[in-house]
There are 2 protein chains.
Amino acid sequence: MNHIKIVLIGSGRVGFHLGNKLHEVGFNVIQVFSRQKKKAKELAQLIDSKPINNLSKISKEGDLYILAISDNAISKVSKTLSKLIKKNALIVHTSGATPISVFEKHFKRFGILYPLQTFSFEKKPDFSKIPICIDSQKKKDLNFLKKLALKISPNVHHLSDLQRSKLHVSAVFVNNFVNHLYFIGKKILDEENISLNILKPLIIETSEKILENDPINMQTGPAIRKDTETIKSHLVHLEKNPELQEIYQIITQSIQKYHS
Amino acid sequence: MNHIKIVLIGSGRVGFHLGNKLHEVGFNVIQVFSRQKKKAKELAQLIDSKPINNLSKISKEGDLYILAISDNAISKVSKTLSKLIKKNALIVHTSGATPISVFEKHFKRFGILYPLQTFSFEKKPDFSKIPICIDSQKKKDLNFLKKLALKISPNVHHLSDLQRSKLHVSAVFVNNFVNHLYFIGKKILDEENISLNILKPLIIETSEKILENDPINMQTGPAIRKDTETIKSHLVHLEKNPELQEIYQIITQSIQKYHS
């Protein structure tokens, strides 16, 4: 299947790393679109592709069009594309939050190719560890996406719209919100000139523990112990930051609710 | 210094692993106290020590008494001990939340030996990666605790009461609260019969990213993008769990506050 022609729309973090990986495993990415000419060019050079920064120049030769763009642009861009490319091309997006139905009005063959990871430009992701969630209403297209996904990761899952969006909500808790708690932890230490380095072994241990254990059995700390004295003293320490107090209280209550 | 006689009070998770480590590096733990006879016996056997389950039997021969007990018991137990052991023995506790002053009324020589990690009975901790926070009002005792701590970990920090308690608040955010977010993530997936396994690569990546990067630069997701559509749809998914909606909203607001 490596002879298929892929058009990549978007050169943000997801587009960048997905484009690189597709090229690495031998796929032919014939075009890269980005509104920013420079970014399209940079990525195209890396993956032996051609940059465009205007959708009107999009190739009609593509077998697969991958939209790696922000959620709120997917609907508009797919409408635009529907007037420019072949009706029987396969189009997919890479979003956890946008339903597959976004394509329904405009295309006959469409699907999802959602890599579940947090990407940064600074770090090359290890795709072998990244779950790829796929979906399509047509069995043939689903099989095609499965084959393609398996070329970039052994960890491929067919999820429905509802499953994928629930997974996305869940990912927001364990990734976005967890990272914000790291930020808060650092902020509290900054006030006493303590480096976050001192907490890093604890942070790593906390995440590694749930590889083998159910998080419900790994809960420790003043909330689950109902140690009201410590909780009170912690809230005093957070006095200068009412919104951190609020986060502290609401998560403490939630821990106590599920462990009562 | 390995000839010093240590008395360990408490055989919970901290006492258990600290006792084992002290024994492993050659210290002489002459007694282990636990209110539960069986637990005292089990730990004592492992570390070639003698179990007691009544403080009245505590040895007067100890050079160092380590209290690895719950925060709310430290004051009472140290008062009891003050009537039973030599006034010039060194006594320390292993708590992040309890001030050093808890010992002031009862002892002349006292301090802190606080291993900053989340311990479970199921897993042997790697002490080489565990920061040990020490404190004492007497320079000689501080030096002694530093030497002792360095035998169990290269990662030793002298922190004041205020620093240690702020560190403890911070640890609650990055450990206890983060683990609860993992629990919430799993709960959301359970509703759709999806295994938490699918999120594990993301969870590990999220924690490993902050080893080399400031969490503020690693923030991604709908909150920082101010993607109100996705946020709204996530809140709809959480409709059945008003307290999860509340956690979602409050952390989203906090992310937006610090990234505006």
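Would you check which residues across the range A:245-260 are more than 8 Å from chain B (Cβ to nearest Cβ) and surrounded by fewer than 20 Cβ atoms within 10 Å (Cβ to Cβ) and list them? Steps first, please.
Initially, the range A:245-260 is screened for residues more than 8 Å from chain B (Cβ to nearest Cβ), giving A:245, A:249, A:252, A:256, A:259-260.
If the condition is that a residue be more than 8 Å from chain B (Cβ to nearest Cβ) and surrounded by fewer than 20 Cβ atoms within 10 Å (Cβ to Cβ), then A:GLN245, A:GLN249, A:GLN256, A:HIS259, A:SER260 are the ones that fit.
Of note, A:VAL77 does not satisfy the criterion of being crowded, with 22+ Cβ neighbours inside 10 Å and either touching a helix residue (DSSP H, G or I) at 6+ places or on another chain (Cβ under 6 Å) or β-branched (Val, Ile, Thr) (or both).
Look through A:ASN217, A:ASN241 and report the one residue that is at negative phi and out of contact with any helix residue (DSSP H, G or I) (no Cβ under 9 Å at 6 or more places or on another chain). Quick ask: steps written out before the conclusion?
Values: A:ASN241 fails: out of contact with any helix residue (DSSP H, G or I) (no Cβ under 9 Å at 6 or more places or on another chain).
Of A:ASN217, A:ASN241, the one residue that is at negative phi and out of contact with any helix residue (DSSP H, G or I) (no Cβ under 9 Å at 6 or more places or on another chain) is A:ASN217.
Counting only residues that are of a type outside the set (Gly, Ala, Ser) and in a helix (DSSP H, G or I), the range B:1-50 holds 18 of them.
Can you tell me which residue within the range B:209-218, out of those that are assigned to a helix (DSSP H, G or I) and in contact with a Ser or Thr (Cβ under 8 Å, 6 or more places away or on another chain), is farthest from the other protein chains (Cβ to nearest Cβ)?
Residues of the range B:209-218 assigned to a helix (DSSP H, G or I): B:209-212, B:215-218.
Checking the rest, the ones that are also in contact with a Ser or Thr (Cβ under 8 Å, 6 or more places away or on another chain) come to B:209, B:218.
Working: B:LYS209: 7, B:MET218: 5 Å.
Looking at the filtered set, the residue picked out is B:LYS209.
Mind checking whether some residue in the range A:56-65 is within 30 Å of B:LYS186 (Cβ to Cβ), within 19 Å of the chain's Cα centre (by Cα) and surrounded by 15 or more Cβ atoms within 10 Å (Cβ to Cβ)?
Narrowing the range A:56-65 to residues within 30 Å of B:LYS186 (Cβ to Cβ): none.
For the range A:56-65, residues within 30 Å of B:LYS186 (Cβ to Cβ), within 19 Å of the chain's Cα centre (by Cα) and surrounded by 15 or more Cβ atoms within 10 Å (Cβ to Cβ): absent.
Kindly provide the set of residues from the range B:207-228 that are among the hydroxyl-bearing types (Ser, Thr, Tyr) and surrounded by 16 or more Cβ atoms within 10 Å (Cβ to Cβ), ordered by number. Working first, answer last.
Let us first name the residues in the range B:207-228 that are among the hydroxyl-bearing types (Ser, Thr, Tyr), namely B:207, B:220, B:228.
Result: B:SER207, B:THR220.
Among the numbered conditions (1) of a type in the set (Val, Ile, Thr); (2) closer than 26 Å to A:PRO201 by Cα; (3) touching a Gly at 6+ places or on another chain (Cβ under 9 Å), the only one that B:ILE91 does not meet is (2). Scanning the range A:33-45 for residues that are surrounded by 15 or more Cβ atoms within 10 Å (Cβ to Cβ) and farther than 13 Å from A:LEU8 by Cα yields a total of 1. Assess whether B:LEU167 counts as being within 18 Å of A:LYS200 (Cβ to Cβ), buried (at least 17 other Cβ atoms within 10 Å of the Cβ) and not hydroxyl-bearing (Ser, Thr, Tyr). Considered against the rule, which asks whether it is within 18 Å of A:LYS200 (Cβ to Cβ), buried (at least 17 other Cβ atoms within 10 Å of the Cβ) and not hydroxyl-bearing (Ser, Thr, Tyr), B:LEU167 comes out as yes.
Is it the case, given these coordinates, that B:TYR65 is without any contact (Cβ under 8 Å) to a residue 60 or more places away in the chain, aromatic (Phe, Trp, Tyr) and in contact with a Gly (Cβ under 8 Å, 6 or more places away or on another chain)? I'd like the intermediate steps shown before the answer.
Working: without any contact (Cβ under 8 Å) to a residue 60 or more places away in the chain: yes; aromatic (Phe, Trp, Tyr): yes; in contact with a Gly (Cβ under 8 Å, 6 or more places away or on another chain): no.
In short, no.
Among the residues making up the range A:219-257, those that are assigned to a loop (DSSP other than H, G, I, E, B), over 26 Å from B:SER120 (Cβ atoms) and of a type in the set (D, E, K, R) are A:GLU239, A:LYS240.
Considering B:VAL25, B:VAL29, which residue is over 12 Å from B:GLY10 (Cα atoms), in contact with a Leu (Cβ under 6 Å, 6 or more places away or on another chain) and among the β-branched types (Val, Ile, Thr)? If you could, list the steps in order and put the result at the bottom.
Details: B:VAL25 fails: in contact with a Leu (Cβ under 6 Å, 6 or more places away or on another chain).
Step by step, each of B:VAL25, B:VAL29 is checked, and only B:VAL29 is over 12 Å from B:GLY10 (Cα atoms), in contact with a Leu (Cβ under 6 Å, 6 or more places away or on another chain) and among the β-branched types (Val, Ile, Thr).
Check whether at least one residue in the range B:230-245 is of a type in the set (S, T, N, Q) and over 20 Å from A:TYR248 (Cβ atoms), and report yes or no. Among the residues of the range B:230-245, at least one is of a type in the set (S, T, N, Q) and over 20 Å from A:TYR248 (Cβ atoms), which makes the answer yes.
Based on what the data block shows, is A:SER136 more than 10 Å from chain B (Cβ to nearest Cβ), buried (at least 16 other Cβ atoms within 10 Å of the Cβ), in contact with a strand residue (DSSP E or B) (Cβ under 6 Å, 6 or more places away or on another chain) and of a type in the set (Gly, Ala, Ser)? Answer is yes for this residue.
Here B:GLU61 meets the list (1) modelled with pLDDT of 95 or more; (2) over 28 Å from A:ASP227 (Cβ atoms); (3) among the charged types (D, E, K, R) almost entirely, failing just condition (1). Here A:SER165 qualifies as facing chain B (nearest Cβ under 7 Å), touching a residue at least 60 places away in the same chain (Cβ under 8 Å) and farther than 14 Å from A:ILE247 by Cβ.
Per-residue answers, yes or no, for (1) farther than 30 Å from A:ASN54 by Cβ; (2) touching a residue at least 12 places away in the same chain (Cβ under 8 Å); (3) not hydrophobic (A, V, I, L, M, F, W, C):
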| position | (1), (2), (3) |
| --- | --- |
| A:LEU81 | no, yes, no |
| A:ILE85 | no, yes, no |
| A:PHE107 | no, yes, no |
| A:ILE112 | no, yes, no |
| A:SER153 | yes, yes, yes |
| A:VAL169 | yes, no, no |
| A:VAL172 | yes, no, no |
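Here B:HIS157 fulfils each of the conditions (1) facing chain A (nearest Cβ under 7 Å); (2) modelled with pLDDT under 95 apart from (2). Note on the range B:186-201: residues that are assigned to a helix (DSSP H, G or I), over 19 Å from A:LEU202 (Cβ atoms) and at the interface with chain A (Cβ under 7 Å from one of its Cβ atoms) total 6. Quick check: anything in the range A:155-163 over 18 Å from the mean Cα position of the chain (by Cα) and either surrounded by fewer than 22 Cβ atoms within 10 Å (Cβ to Cβ) or in a helix (DSSP H, G or I) (or both)? Scanning the range A:155-163 turns up no residue that is over 18 Å from the mean Cα position of the chain (by Cα) and either surrounded by fewer than 22 Cβ atoms within 10 Å (Cβ to Cβ) or in a helix (DSSP H, G or I) (or both). The residues in the range A:80-101 that are assigned to a loop (DSSP other than H, G, I, E, B) and over 22 Å from the mean Cα position of the chain (by Cα) can be counted, and the count is 7. Of B:ILE231, B:ILE204, all but one fail to be among the β-branched types (Val, Ile, Thr), surrounded by 15 or more Cβ atoms within 10 Å (Cβ to Cβ) and within 7 Å of chain A (Cβ to nearest Cβ); the exception is B:ILE204.
The values are calculated or read from the model by the stated rules, or taken from the named source; none is laboratory data. In this text the structure is predicted, and so the values were computed from the model without any measurement. Backbone-built Cβ (ideal geometry, glycine too); neighbour counts: all protein chains shown.
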